[in-house]
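See structure below.
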Amino acid sequence: MTTATATTRTFTPARRFNHSLTASLEKRILEHLAQRAPRWLTSDHLTALGLAAQIAAGAFYALARYHRFALLLVILCLALNWLGDSLDGTLARVRQQQRPRFGFYVDHIVDCFGAIALMSGLACSGFLHWPIAIAMLVAFLLLSAESYLATYTLSCFQLSTGIFGPTEIRLFLIAGNLALLRNPYSVLFGHKFLLFDIGGIIASVSMFATAIALTLRHTAQLYREEPLRDEPLP
């Protein structure tokens, strides 16, 4: 037995939990699609599709600064990103082709690069001020880092935060894009603001608060499981 094979066999994937609003329906849809996917289609193809679609969504956001109807192409890219990002793991499980270490690493580093591309496009779109786009990106990466560290230390991977997961975020973006086609501004407390500025601030504050709350909770849990003990007397 090679070292790589031995390592794979002794690796125990973390438990996965998804309590988002769409989790149950999404699971049934993904399993239906995976069972009927053509044999030439692999999970690697779907991962690549998800990344390419998210990068394209960022590019179309930037283009929407000059042609607002590019937002419709963003919606298409978000749908393709959902298909690639969500179906790749399901397809691997249905075909018994799981690669738990490779899949976890690649899937989530791809998410980080995709988020950078998407937020960069939004920052260039004119529908969102760039400081808010940066705040959203930093908050997302911080929340992601907390999730990955918790997965490693607690062997528990939360796919959702409360009732919101990646699919809900995409749905919010799609709804926001449709609203932008009508009017990119919103009135709040008698003042006119960019609609995505309002949403971006709410999202940033929510993600930062969630990251802090999870950090405190997981730190307390880990301390209970690994308390600081007095050194034994000589």
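The values are calculated or read from the model by the stated rules, or taken from the named source; none is laboratory data. Computed from a predicted structure; not experimentally measured. All Cβ positions, glycine included, derive from the backbone under ideal geometry; neighbour counts span all protein chains shown. Keep in mind that these areas ignore ligands, DNA and RNA; they rest on the heavy atoms of the full protein, side chains included. Shrake-Rupley method; radii C 1.70, N 1.55, O 1.52, S 1.80 Å.
I'd like to verify a number: residues in the stretch 123-132 that are surrounded by fewer than 21 Cβ atoms within 10 Å (Cβ to Cβ) and touching a residue at least 24 places away in the same chain (Cβ under 8 Å), how many?
Step one: of the stretch 123-132, the residues surrounded by fewer than 21 Cβ atoms within 10 Å (Cβ to Cβ) are 124, 126, 129-131.
The next check asks that each one be touching a residue at least 24 places away in the same chain (Cβ under 8 Å); those that pass are 124, 126, 129.
Summing the residues that are surrounded by fewer than 21 Cβ atoms within 10 Å (Cβ to Cβ) and touching a residue at least 24 places away in the same chain (Cβ under 8 Å) in the stretch 123-132 gives 3.
Can you find a residue in the stretch 207-221 that is touching a Gly at 6+ places or on another chain (Cβ under 7 Å) and open to solvent by less than 70 Å² (accessible area, probe 1.4 Å)?
Here is the first cut: in the stretch 207-221, the ones touching a Gly at 6+ places or on another chain (Cβ under 7 Å) are none.
Among the residues of the stretch 207-221, not one is touching a Gly at 6+ places or on another chain (Cβ under 7 Å) and open to solvent by less than 70 Å² (accessible area, probe 1.4 Å), which makes the answer no.
Under 15 Å from the mean Cα position of the chain (by Cα) and of a type outside the set (Asp, Glu): does that describe residue 186?
no
Filter the stretch 222-231 down to the residues that are part of a helix (DSSP H, G or I) and open to solvent by 60 Å² or more (accessible area, probe 1.4 Å) and list them by number. Write out each step before concluding.
Of the stretch 222-231, the ones part of a helix (DSSP H, G or I) are 222-225.
Correct list: 223, 224, 225.
Let me spell it out: the conditions are (1) open to solvent by 70 Å² or more (accessible area, probe 1.4 Å); (2) in contact with a helix residue (DSSP H, G or I) (Cβ under 6 Å, 6 or more places away or on another chain); (3) hydrophobic (A, V, I, L, M, F, W, C), and residue 143 meets all of them except one. Which number is the exception?
Result: residue 143 passes all but (1).
Sort out for me the strands (runs of 3 or more DSSP E) sitting completely within the stretch 149-202 that have 2 or more residues that are open to solvent by 50 Å² or more (accessible area, probe 1.4 Å) and free of Cβ contacts under 8 Å to residues at least 40 places away in the same chain. Write out each step before concluding.
Working: elements: 156-158, 185-188, 191-194.
Answer list for the stretch 149-202: 185-188, 191-194.
Every residue in the stretch 16-50 that is surrounded by 16 or more Cβ atoms within 10 Å (Cβ to Cβ), over 15 Å from residue 93 (Cβ atoms) and polar (S, T, N, Q), please.
20, 22
Can you pull out every residue in the stretch 114-148 that is in a helix (DSSP H, G or I) and not hydrophobic (A, V, I, L, M, F, W, C)? Don't jump to the end; show me each part of the working.
Applying the first criterion (in a helix (DSSP H, G or I)) to the stretch 114-148 yields 114-125, 130-148.
Across the stretch 114-148, the qualifying residues are 114, 120, 121, 125, 131, 144, 146, 147, 148.
Could you please find all residues in the stretch 56-102 being polar (S, T, N, Q) and open to solvent by 30 Å² or more (accessible area, probe 1.4 Å)?
Pass one, the stretch 56-102, residues polar (S, T, N, Q): 81, 86, 90, 96-98.
The answer is 96, 97, 98.
Being within 16 Å of residue 60 (Cα to Cα), modelled with pLDDT of 95 or more and either in contact with a Ser or Thr (Cβ under 9 Å, 6 or more places away or on another chain) or surrounded by 16 or more Cβ atoms within 10 Å (Cβ to Cβ) (or both) is true for just one of 135, 115. Which residue is that? Write out each step before concluding.
Numbers: 135 fails: within 16 Å of residue 60 (Cα to Cα).
Just one listed residue meets the conditions, 115.
So, in the stretch 31-57, exactly how many residues are under 17 Å from the mean Cα position of the chain (by Cα) and more than 30 Å from residue 68 (Cα to Cα)? Reasoning before the result, please.
Our first condition is that a residue be under 17 Å from the mean Cα position of the chain (by Cα); within the stretch 31-57, this holds for 46-57.
This time we only want the ones that are more than 30 Å from residue 68 (Cα to Cα), so: none.
The number of residues fulfilling the criteria is 0.
For residue 71, state whether it is within 30 Å of residue 180 (Cβ to Cβ) and touching a Gly at 6+ places or on another chain (Cβ under 7 Å). So that I can check it myself, show each step before the final result.
Details: within 30 Å of residue 180 (Cβ to Cβ): yes; touching a Gly at 6+ places or on another chain (Cβ under 7 Å): no.
For residue 71, the condition - within 30 Å of residue 180 (Cβ to Cβ) and touching a Gly at 6+ places or on another chain (Cβ under 7 Å) - is not met.
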